[in-house]
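A short write-up of the structure that comes next.
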Amino acid sequence: MISRLFRYDRILWYIVAAVLPLFIQSQSLAAIGEDTEKPVPEFARTEKTITAKLIPRAKSSSVLIDFDTAQGNLTEVKGIEFETLQTPELDIKEFKSSFFEVMVDLPPGTAADITMTSSFFTVSTEYWVYNAKKPVKWANSGIQAKKGTGASNQFVIRVTDGGDLDSDGTANGRIQLIGGPKDYFWSYAIGTLIVRFFGVFLVLSVLMIGMLSIGQLFIIIEKKRIRSAPAPYRPPQSPPVPRTEPSKSPDASSTPDPDTIAAIATALHLHLTPKTSPDASEVKKVGQNSWVQYGRVEIQNARFQTFLRPIKPKNRP
Amino acid sequence: MSWEQLAELIRSILFTQTGVPNLTGGNVLMIGVGLLFLYLAIAKDYEPLLLLPIGFGIFIVNFPLTPLMGYTEHGNPDLIRAFYKYGVEWEIIPCVIFLGLGAMTDFGPLIANPKTLIIGAGAQLGVFVTYIGTLFFGFTLKEAASVGIIGGADGPTTIYLTTKLAPHLLGANALAAYSYMAMVPLIQPPIMRWMTTPAQRRIKMRQLRVVSAKEKLLFPLIASVLIVLLIPAVAPLMGMFMFGNLMRESGVVKRLSDTAQNALMNIVTIFLGLSVGATMQAEIFLNWKPMLIFAFGLLDFVVCTFGGILTVHVMNIFLKEKMNPLIGSAGVSAVPMSARVSHVEGLKADPDNWLIMHAMGPNLAGVIGSAAAAGMFIAMFQ
């Protein structure tokens with residue numbers, strides 16, 4: 001009974017049945033998306049520049065973002081968690097580094113160029129700004145990232161005290177710029193997916209080409225080795241030995257001594273027998289040669305003499 | 001001591017020093033899950049080398065108040081936490097397993113027919129499709145990548161990547177990977193029959209050429225150079241894999257090769273299984289994500305099989321000597337189970353068609369392909 005419950009096909013159906021409701025009711029999945037990759041920026045000041053160090057979402061290594069201003073005094077930069085300023089139209093996955101609050105002190109009503117530089121920004125990164133006093137709180141600053149030094153890209157945002165981009169909305173001698181870099185999630189996810197899938201093909205294709213080339217090289221070397229190897233030894237063709245029926249009792253005067261006969265027979269046997277694993281039929285054919293048969297008889301007789309010799313006492317002098 | 005004091009003492013012992021009053025429904029459920037996997041491993045022989053220690057890990061860690069996966073007051077890890085911390089968290093065990101796998105692997109069929117490497121790449125289709133699919137369901141990019149790699153059908157690669165990107169999903173991912181690897185003979189044949197005609201299944205492939213010992217010896221070096229140059233992120237896995245193979249093919253360190261294949265591999269398998277199982281504590285594991293991971297794991301295997309067979313069909317358009325598309329399914333890795341499935345399906349179509357050695361090529365290519373895909377993902381998040 002239990003074993004029937006756990007048949008391969010049934011287990012699969014159990015899994016499908018358990019998970020199917022989730023596919024049908026995808027709203028239930030909203031509960032899944034807890035923020036497991038919350039960036040926690042740390043700030044350090046070097047003269048006029050404040051540098052944020054953080055591990056953004058979808059990254060395993062930390063990145064640096066430099067904040068600077070040409071006018072006024074950059075007083076503070078703070079990190080703001082995504083949830084605190086979230087609006088329904090914002091997707092957490094698109095703001096990988098969360099938000100920053102940049103504060104610059106300057107004469108009231110004047111403007112400052114706030115610069116943000118990082119290798120984390122790409123040319124397609126946008127910088128979105130927040131203003132709580134506007135009907136649409138979040139908006140694209142409309143400023144394109146420019147190529148900075150090395151691999152970094154740079155946003156230069158002109159903010160006027162009390163202007164649109166100043167989050168406090170008043171000309172009070174302090175600019176408060178709240179915002180964050182935005183990268184479109186799906187274009188990145190699908191783009192990188194395609195690139196990386198073909199990357200796997202590329203890597204294995206390069207390996208294949210390498211292996212094919214080396215395989216060909218080995219085949220050529222092997223062929224050359226076979227060609228240059230000395231040809232196997234082939235004995236010169238000797239005139240055929242006249243086939244004569246061996247006499248059952250050879251005349252002692254016309255035949256050589258038994259040792260010579262046995263040696264010749266053995267030599268002939270070895271010459272005519274294939275070197276490696278002859279099959280039974282071939283042995284039989286070779287064995288039909290009269291000389292060989294005679295030689296074998298002689299060898300056997302010699303062995304018999306050993307067996308038939310008189311037994312001597314063990315303790316002989 | 002008064003009766004009241006005695007009752008207080010007993011109550012205190014019961015609630016703070018025994019597990020019974022602290023046992024939750026979640027614990028009971030997870031103990032049941034552990035027993036289920038033990039049953040599957042012992043009675044059904046589903047990947048018992050991994051599922052048995054994983055099942056026992058789930059079983060033992062879900063008893064309340066057990067000092068197994070926590071830390072002592074002095075900050076020292078408990079027993080299984082120590083296995084996990086130094087073996088899995090430090091990413092040592094998956095690489096050591098790759099060393100053993102390398103020492104066990106004969107790359108002859110792949111070297112004899114390098115074209116099958118492309119099948120290994122095509123069979124990673126499911127990895128990337130699942131990656132996108134899971135994103136729709138609210139997974140983060142890192143989680144999606146770690147779930148996607150399940151379709152690579154390579155346990156150590158799955159564990160390695162998950163540990164790096166989404167360690168909180170380690171238990172579910174490893175369990176899904178090993179469970180579906182055991183179910184390859186069930187998952188793949190219907191897809192293989194659906195995607196091939198009887199005539200295609202009867203295609204006979206030319207016997208593979210003999211590969212010399214020198215070629216086999218050079219392979220790990222050449223493969224290391226090319227793969228590590230192109231994807232440095234995969235060097236720990238591929239480096240150990242090729243080192244194991246070099247030990248085997250060199251023939252001069254038989255003792256080391258033997259240790260890597262047997263004793264070392266067995267030891268780390270015990271620690272790996274227990275550690276992975278022990279990550280599945282009720283309070284961490286019981287949510288919707290593991291269920292989704294199991295669903296996407298299945299989809300992953302299906303699409304990877306599809307991708308492998310499709311790749312052979314596409315290659316056959318350009319090849320003079322056609323390949324039997326059944327070997328495409330072996331590109332999902334799961335060595336050697338999926339190669340055997342290809343062989344058995346081939347025999348069903350033609351009892352004289354022996355595909356096992358031809359299927360081993362894409363099978364080994366699948367191992368390299370899944371490691372390459374893992375390397376791509378690691379590089380993506382650097």
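The values are calculated or read from the model by the stated rules, or taken from the named source; none is laboratory data. Note that the coordinates shown come from a computational prediction; the quantities given were computed from them, not determined experimentally. Every residue, glycine as well, gets a Cβ built from its backbone with ideal geometry; the counts of neighbours run over all protein chains shown.
Numerical summary
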quantity	calculated
Conditions (1) within 11 Å of chain A (Cβ to nearest Cβ); (2) touching a helix residue (DSSP H, G or I) at 6+ places or on another chain (Cβ under 6 Å); (3) not small (Gly, Ala, Ser); number of the one not met by B:Met357	(1)
Exclusive hit being within 14 Å of chain B (Cβ to nearest Cβ) and hydroxyl-bearing (Ser, Thr, Tyr), set A:Ser118, A:Ser61	A:Ser61
Some residue of the stretch B:251-264 being surrounded by 14 or more Cβ atoms within 10 Å (Cβ to Cβ), within 12 Å of chain A (Cβ to nearest Cβ) and under 18 Å from the mean Cα position of the chain (by Cα)	no
Failed item, numbered, when A:Ser119 is tested on (1) surrounded by fewer than 21 Cβ atoms within 10 Å (Cβ to Cβ); (2) modelled with pLDDT under 85	(2)
Residues of the stretch B:343-382 satisfying the condition of being touching a His at 6+ places or on another chain (Cβ under 8 Å) and either under 9 Å from B:Ala330 (Cα atoms) or in a helix (DSSP H, G or I) (or both)	B:Ile356, B:Ala359
Sole residue being buried (at least 17 other Cβ atoms within 10 Å of the Cβ), in a helix (DSSP H, G or I) and either of a type outside the set (A, V, I, L, M, F, W, C) or within 14 Å of chain B (Cβ to nearest Cβ) (or both), chosen from A:Leu193, A:Leu217	A:Leu193
Residue within the stretch A:165-175 that is part of a strand (DSSP E or B) and out of contact with any helix residue (DSSP H, G or I) (no Cβ under 7 Å at 6 or more places or on another chain) present	yes
Residue match in the stretch B:47-67 (condition: free of Cβ contacts under 8 Å to residues at least 12 places away in the same chain, surrounded by 14 or more Cβ atoms within 10 Å (Cβ to Cβ) and out of contact with any His (no Cβ under 7 Å at 6 or more places or on another chain))	yes
Residue list for the stretch A:176-188, restricted to those being surrounded by fewer than 18 Cβ atoms within 10 Å (Cβ to Cβ) and either among the hydrophobic types (A, V, I, L, M, F, W, C) or part of a strand (DSSP E or B) (or both)	A:Trp186
